[in-house]
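The values are calculated or read from the model by the stated rules, or taken from the named source; none is laboratory data. What you are looking at is a predicted structure, and each value in this text was computed from that prediction instead of being measured. Cβ atoms come from the backbone with ideal geometry, glycine included; neighbour counts cover every protein chain shown.
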Amino acid sequence: MNKQTEDLYLTFHQKLFQFFLKKPAVSYDDSVAWLKAAAESFFSFISLTVQPSSRLQGSRGDGDPIRRVSDYHTIITIEENSKYIELSCQKKHKLPERLAESIHLFLVHCLELDALFRDELKKTKIYEKTELLHELMDQEQVLKTMLESLRSVFPFLTYCLFLSYDEDQYINLPAIELDVQSESTDSFALEAYLSGQEKSKNEAEVYIPIKGRQGTYGVLKAFGPGAADTAADICIISNAAGKAFENSRLYEQSQNMISNLELINETSHQLNRTKRLPDMMKSLSERLISSFGAEEVGFFYKNHLGKETLLPESTSFFQTDEALPYIRYVKEKISEENGVFVGNGSSLFGNEGYASLMGVPMLENNENKGFVIVLKKNVCSFSFEMFKLFQTLIRHSTLAVSNLMLRDRLKYLVQTDRLTELYSRSHLDEKIGYSMKLDESGVLVLIDIDDFKQINDTYGHQKGDDILIQVARVIQRNIRDQDVAARWGGEELAVYLPKARLNAGEMLAERLIMLVRECTDPTVTISCGVSHWSQDRPKSLSDLFKEADVALYNAKRNGKNKFMTH
């Protein structure tokens, strides 16, 4: 080697050394490209080419990585790489003696550097993917991103997702259901799911649990060459996905809980503001339909006699015979359980019926006051979370419904005579006073059962009470909705006709006299006194009653079983 070539070699060797001092984050191929450019720039008479190692078959020599073919041609091979370096120079020059050794050493270090570079690149990718997973708050998006990340970092593997039923029904991704009771379930996937530990079927198939701090949610199967070797790195991504999945699940649950509490609170406020039972039941029915997508809603409540009645605003379906199987089923089951949940009722109610059913009792102080049913045609239309919310809604609503019904009942008892179920005298006074302020006219018919004392003496007081009830029923069946029938006192009854003229009261009195005589058993008769008022002939409440009482007295004195007008 002449002095000039020696100097070039030393400078070139120093250049190679400086390359490693910089610790460049480059691949092996990039390092070789840099080497080729550097060698050919230092030694203009040298050509450096990269060839596939397959061309060396049958000519590898004794295994020495450097094979000097001639003074003008040298081959450098690297066992760990699938390529070799071919050095050649013009025939009027010779290859520097130590150049091949320097290049070989450089290539060995480049391979080591390449391994570090690839490992660092993989770690960076894994870190970026795990960071991305931690930012997600949607369960489906977490699993989707996990699979995309794995395919990006380890593209040479194929992946399969196993999910438990609880997760699978909400995730719209290709996945195999993990059924603990099914014999067809992949045993390795099931073992990984139940144990929470990685399982290997062989070197090419691994099962990695997707787990968080509170449980295991599924299993990831990775298969392909080198699957077992990359399992540890796959676990980093799957563990991050498991924690992100759990966090998103908890977040979704907390959001649902907040939404449910807001719904319960809003519903309770709405019901407590409502003063009429039909309005309350309408509000509750609309809430159940909008919250659960129910197609039919039925409210069944026990009245003060213990009889279950269908409350207003129940859908019309529950007034038909088709509803009876659903009502009977819920009544039977609800006594045994704290609610009824049916996901697929085809075997119970037929293929044409409603497949999804929820029924919960209306409990007040642990006493069953009735029950509520919601129905939907499609199978599994209601989730168990919906059922729990349904229970809570009805539990909170029952108190409001009971309070309103109790208030209505108390109001009814105050306004109504217990025996005849006609209005009380105080309520009659109130209605007449109200009518005198707003209406143009009104008529009062005062009614007395003739010889009522004789009925009591002959048949007993119980029969006397029965006669009062019979007469009251005749009156109720023959008056208008706006008319007010009341028990005046003892055997005296009264009917007030708002917005009516005198002849309307006389016609009613005549009709009642005839019907009471025909419909009572034993037969009794009545006498009536009729009075009226109008804007032309205004009267006080006491004067109206006094005139009707005088007319009644005259009817009694003139033979009974008739009416007189004042």
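Only a single criterion out of (1) surrounded by 15 or more Cβ atoms within 10 Å (Cβ to Cβ); (2) more than 25 Å from G460 (Cβ to Cβ) is not satisfied by S542, namely (1).
Once region 336-357 is narrowed to residues that are at negative phi and in contact (Cβ under 8 Å) with a residue 40 or more places away in the chain, the residue that is surrounded by the most Cβ atoms within 10 Å (Cβ to Cβ) is Y354. If the condition is being farther than 20 Å from V414 by Cα and in contact (Cβ under 8 Å) with a residue 40 or more places away in the chain, then region 474-496 contributes V474, I475. Within the option set V495, V474, being outside any helix (DSSP H, G or I), within 59 Å of the chain's Cα centre (by Cα) and modelled with pLDDT of 95 or more holds for one residue only, V495.
Can you say whether N344 is closer than 15 Å to L375 by Cβ, assigned by TED's automatic domain parsing to the domain that holds S397, part of a loop (DSSP other than H, G, I, E, B) and out of contact with any Phe, Trp or Tyr (no Cβ under 8 Å at 6 or more places or on another chain), as far as the supplied structure shows?
Taking the combined requirement at face value, the residue satisfies it.
Taking region 325-341 as the range and being in a helix (DSSP H, G or I) and out of contact with any helix residue (DSSP H, G or I) (no Cβ under 9 Å at 6 or more places or on another chain) as the test, the residues that pass are R328, V330, K331, E332, K333, I334. The condition of being at pLDDT below 75, over 30 Å from T145 (Cβ atoms) and within 60 Å of the chain's Cα centre (by Cα) holds for only one of E80, E97, E112, that being E80.
Each row is one residue, and each column tells you yes or no for (1) in a strand (DSSP E or B); (2) under 30 Å from H532 (Cα atoms); (3) over 53 Å from the mean Cα position of the chain (by Cα).
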| site | (1), (2), (3) |
| --- | --- |
| K388 | no, no, no |
| L393 | no, no, no |
| L413 | no, yes, no |
| E421 | no, yes, no |
| K437 | no, yes, yes |
| L446 | yes, yes, yes |
| Q462 | no, no, yes |
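Could you identify the single residue in S290, S316 that is under 17 Å from the mean Cα position of the chain (by Cα), assigned by TED's automatic domain parsing to the domain that holds L375 and either closer than 21 Å to F387 by Cβ or modelled with pLDDT of 90 or more (or both)? Before you say what the answer is, go through the steps one by one.
On the way: S316 fails: under 17 Å from the mean Cα position of the chain (by Cα).
After ruling out the rest, the residue left standing is S290.
Within region 530-564, the set of residues being among the basic types (K, R), more than 16 Å from A494 (Cβ to Cβ) and part of a helix (DSSP H, G or I) comprises just one member, R557. Tallying residues that are assigned to a loop (DSSP other than H, G, I, E, B), loosely packed, with under 13 Cβ neighbours inside 10 Å and more than 56 Å from the chain's Cα centre (by Cα) within region 22-45 yields 3.
Just one of the listed residues (L419, L399) is more than 24 Å from L284 (Cα to Cα), not assigned by TED's automatic domain parsing to the domain that holds D483 and not β-branched (V, I, T), and it is L419. Restricting attention to region 214-243 and to residues that are outside any helix (DSSP H, G or I) and of a type in the set (D, E, K, R), the residue that is farthest from L136 (Cα to Cα) turns out to be D229.
Yes or no, residue by residue, for (1) touching a residue at least 12 places away in the same chain (Cβ under 8 Å); (2) over 27 Å from E135 (Cβ atoms); (3) surrounded by fewer than 17 Cβ atoms within 10 Å (Cβ to Cβ); (4) not small (G, A, S):
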{"position": "N202", "(1), (2), (3), (4)": "yes, yes, yes, yes"}
{"position": "G226", "(1), (2), (3), (4)": "yes, yes, yes, no"}
{"position": "E246", "(1), (2), (3), (4)": "yes, no, no, yes"}
{"position": "Q255", "(1), (2), (3), (4)": "no, no, yes, yes"}
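So that you can scan it fast, the table gives a plain yes or no per residue for (1) buried (at least 21 other Cβ atoms within 10 Å of the Cβ); (2) small (G, A, S); (3) modelled with pLDDT of 90 or more:
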residue: L157; (1), (2), (3): no, no, yes
residue: C160; (1), (2), (3): no, no, yes
residue: L163; (1), (2), (3): yes, no, no
residue: E205; (1), (2), (3): no, no, yes
residue: I208; (1), (2), (3): yes, no, yes
residue: G212; (1), (2), (3): no, yes, no
residue: L220; (1), (2), (3): yes, no, yes
residue: D229; (1), (2), (3): no, no, no
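When you look at D483, is it under 24 Å from H427 (Cα atoms) and surrounded by 14 or more Cβ atoms within 10 Å (Cβ to Cβ), yes or no? So D483 fits the description; yes.
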